[in-house]
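Following: one structure in structure tokens, then a few remarks.
Quick note: the coordinates plus some simple rules give every number you see, no bench work behind them. Bear in mind the structure is a predicted one, so any value in this text is a computation, not a measurement. So basically every Cβ, Gly included, is an ideal-geometry build from the backbone, and we count neighbours across all protein chains shown.
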Amino acid sequence: MMVFFGDSIGIEFEAFSFIHLMLFVLVLVGATLIYVYRGKLRNYKHERKIAKTVAVLALLWELALYAWFVGNGTWSWAANLPIGLCGITLYIGIAALYFKNYKIFAIGYFWTWGAIASVLFPDIPYSYDRWRFYQFMFGHLNFFFMFLYMIFVYKWYPTWKDWKRSCIALSSIVVVLIITSNVINENLMFMLNGDGSPFEMFEQFGYIGYLIGVVTMSFGIIFIWFIPFIIYHRRNNHEINNTL
């Protein structure tokens, strides 16, 4: 049991192995279930209790990670604070779902691509024989599913104004993290190097070129993340115009 919760590496994580592919299946199944039962959840008299419970459980799951760091003697204020994109998005999702706040949701939605990126390219060496593997994977899936819940159940569909606000907020965070990463020499949100992520492709262009590549790629993905809602709003406006 102690080994399971320890920080020693047993079976090393292997990208696109059977267990990794099963996580992709879990993403699809989870998303499908939320979509299929969206109406029943929306009209359920205890829906808010369900939503708040999910938010609280997601918070406790994340706090368990801090306990794991402390218990294994590996806690570091610089490395373990939730100041990366995924950590920030998780807490935004928790707050938006618990308080049913659209404005908070609309800022964080565009950053949820980090959850899928982390599941696709996890930066941990642990596999299914260690608790850290489950904490990492389900921690990222938690906030992805929470945002899907708010989209499908609450019918929250981000707009261009939301996209702009999200980009401004992310830009502010990136500037702070670039400065902080260089001051404390910690690779916060990959602001120093790719560290095994797809961002490594930009390291060949020097540090400034690396940052430009990372920022450009990130905002490009954010735009792609918005495309489904661009299509939705255009169709909706078209239907409204046709009825006038």
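The angle separating the long axis of helix 160-184 from the principal Cα axis of greatest extent in the chain is about 10 degrees. Measure up 49/103; 52/164; 100/164; 45/161 against 30 Å on the Cα-Cα distance and list the ones that go over. Over 30 Å Cα-Cα: 45/161. Seen against the Cα atoms of the chain and their longest principal axis, helix 85-99 is set at about 40 degrees. Between 73, 83, 104, the Cα set farthest toward the positive side of the dipole of the chain (charges on each charged residue's Cβ, about the Cα centre) is that of 104.
Taking the Cα atoms only, what angle lies between the long axis of helix 131-154 and the longest principal axis of the chain, rounded to 10 degrees? Long axis of 131-154 versus the principal axis of the chain: about 10 degrees.
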